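Trainee: I have a structure here, written as structure tokens, and I will follow up with some questions on it.
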Amino acid sequence: QPLDDKSLTTYATGTNGLVYQQVVIRMPALAESLYNLLPFYSICLTELGAGDRDYLETQRWQSQAVGSLTAYSTIRGASDNVQDIDAFLTLSSKALTRNHADMCQLMETTLEQVRFDELPRIRELVAQTRARREQSVTGNGHSLAMAAASAGMSPSARLSHQLSGLAGIQAIKALDNDLNDDGNLQAFADKLQQIHAAVLAAPREYLLVGEEERLPGYRDTLNQSWQGVAPSADGFQAFDLPRVQEQVHQAWLANTQVNFSAKAYPTVPMDHPDAAPLTVLGGFLRNGYLHRAIREQGGAYGSGASQDSNIAAFRFFSYRDPRLAETLADFDKSIDWLLNEEHEWRQVEESILGVVSAIDKPSSP
């Protein structure tokens, strides 16, 4: 049936002969035992075979038809209350205009006919993911530390720590070891299939981005490709998480000779009038105090502070830091410096300009 205006969004912009397409699916309610498998589901969705093709044939099809094909989940708090979450799964691709029909067929086959029976390939993907995640600690340790420190701030912050943070790395090591047993591997594939069955029954929307004169043709091609009856929203139960607001005091031991420190404070979501000043405050503290005290004097590779309105938290961090307790003390001293010293407006303006430049930088359509 043709896609209606509610389920299809188009956006006209100069794309230099490319078309971008996404299928955005409401995340369905899942058993808690399946939460930690969401990253693996997203990886496997585009890395396994589809239909009558195995994964190698499907990869060749992908390389012929599209520039990229990815799947990812998005779980975030509401703009006025981070305790209320919304969650989506997105299948995203881009291709040359002449390959749009092939892209539509590839995306539909991937979503509707992915093969969770390729057990050796699933085993390989988990092992590859473990290796990448373990190697990411020293390069991404400050982000992992901030995720751990703010894990008690909101439901999405806690889940992020569990899925992609230090707890997630710990979990994938245990999973990778468990999958050496064939029975555990089959059970894991069955759980991925359970997630997929729930995803296929969830309401979905479509997005097309391309040059204005080509959008009507893209819409027609999309309608011809996705002929199945769209899942109904009637009776649909959306993904949800229990509310959480608690302090976290943790130390994680890692195979590294340097430290990654973080300290997080509960603040406000993005709709709150204090969100903008707190965003500016991050750069103000970094430029005025943290860089000098933690990097120049303390010897860390880097340090800073930032407001994350998606989880309503203000977070300090240090990166590749030879110190530990002294850095945590410097985080506190930066607040004393803010409250007790005289400051020039120029310092505030520099931080505002830094925030604006980050928002305004060029990005892909």
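No lab work stands behind these numbers, since they all come straight from the coordinates. The structure displayed is predicted, hence computed values, not measured ones. Positions of Cβ are backbone-derived with ideal geometry, glycine not excepted, and every protein chain shown enters the neighbour counts.
Trainee: Distance from the Cα centre of the stretch 185-243 to that of the stretch 311-344, in angstrom?
Mentor: Answer, in whole Å: 44.
Trainee: Something else now. Could you work out the longest stretch of the chain that avoids the chymotrypsin sites (Phe, Trp or Tyr not before Pro) located in DSSP loops with at most 14 other Cβ atoms within 10 Å?
Mentor: Free of exposed loop sites, the longest segment is 1-235.
Trainee: Now a separate question. Mind giving me the nanometre distance, one decimal, between the label points for A174 and S232, set 7 Å out from Cα along Cα→Cβ?
Mentor: 4.1 nm
Trainee: Within straight cross-link reach of K173, meaning Cα distance under 25 Å, which lysines are found once same-chain residues fewer than 8 apart are removed?
Mentor: Straight-line reach from K173, under 25 Å: K191.
Trainee: Just the Cα atoms of the stretch 305-357: what Rg and Dmax do they give in Å?
Mentor: Final numbers for Rg and Dmax: 13.5, 33 Å.
Trainee: Sticking with this structure for a sec: Give, in nm to one decimal, the length gained when the segment between E349 and E246 is fully stretched (0.36 nm per residue of separation minus the Cα-Cα distance).
Mentor: Additional length available on full extension: 33.7 nm.
Trainee: Obtain the nm distance between the two label points defined at Q257 and D274 by a simple spin-label model: each point lies 7 Å from its Cα along the Cα-to-C-beta direction.
Mentor: 4.3 nm
Trainee: At Q186 and A131, where each label point lies 7 Å from the Cα along Cα→Cβ, what is the point-to-point distance in nanometres?
Mentor: So the two model labels end up 2.8 nm from each other.
Trainee: How far is helix 38-47 tilted, in degrees, relative to the longest principal axis of the Cα atoms in the chain, given as a value from 0 to 90 rounded to the nearest 10?
Mentor: In the chain, helix 38-47 runs at an angle near 50 degrees to the longest axis.
Trainee: If you don't mind, another one. Just one of [x] 32, 22, 20; [y] 40, 26, 19; [z] 42, 22, 17 is semi-axes √(5λ) of the Cα gyration tensor in Å calculated from these coordinates, so which is it?
Mentor: Evaluating semi-axes √(5λ) of the Cα gyration tensor in Å on these atoms matches [y].
Trainee: Excluding residues fewer than 8 places away in the same chain, name every one of the lysines whose C-alpha is closer than 17 Å to that of K333.
Mentor: Once the sequence-local lysines are set aside, what remains near K333 is K263.
Trainee: How big is Rg to Rh over the stretch 106-205, alpha-carbon atoms, Rh as the Kirkwood inverse-mean-distance radius? Could you put the intermediate results ahead of the total?
Mentor: Working: Rg = 15.9 Å, Rh = 15.4 Å.
A ratio of 1.03.
Trainee: Rounded, prolate or oblate, given the Cα gyration tensor of the stretch 153-281, with a/c below 1.5 counting as rounded? Write out the running numbers ahead of the final one.
Mentor: Details: a/c = 2.13, a/b = 1.29, b/c = 1.66.
In terms of gyration-tensor shape, oblate.
Trainee: Taking Cα atoms, how many degrees apart are the long axis of helix 55-65 and the longest axis of the chain, rounded to 10 and kept between 0 and 90?
Mentor: 90 degrees
Trainee: Measure nothing but the geometry: give the 0 to 90° angle between the long axis through the Cα atoms of 182-200 and the longest principal axis through the Cα atoms of the chain, rounded to 10°.
Mentor: 80 degrees
Trainee: Calculate for the chain the 222 nm mean residue ellipticity that helices alone would give, adding -39,500 (n - 2.57) per DSSP H run of length 4 or more and normalising by residue count, nearest 500 deg cm²/dmol.
Mentor: Working: 12 runs with 161 residues, N = 365.
Helix contribution divided over all residues of the chain: -14000 deg cm²/dmol.
Trainee: Let me ask something else about it. Which one of A151, W61, V258 has its Cα pushed farthest toward the positive end of the charge dipole of the chain, where Lys and Arg give +1 and Asp and Glu give -1 at the Cβ?
Mentor: V258
Trainee: Rounded to two decimals, what is the ratio between the C-alpha radius of gyration of the stretch 37-132 and 2.2 N^0.38 Å? Provide the component values of the computation, followed by the final result.
Mentor: Values: Rg = 15.3 Å, N = 96, 2.2 N^0.38 = 12.5 Å.
Computed over Cα atoms of the stretch 37-132, the ratio equals 1.22.
Trainee: Using a simple charge model, +1 on the beta-carbon of Lys and Arg, -1 on the beta-carbon of Asp and Glu, nothing else, what dipole does the chain show about its Cα centre, in debye to the nearest 20?
Mentor: The dipole of the chain has a size of about 680 debye.
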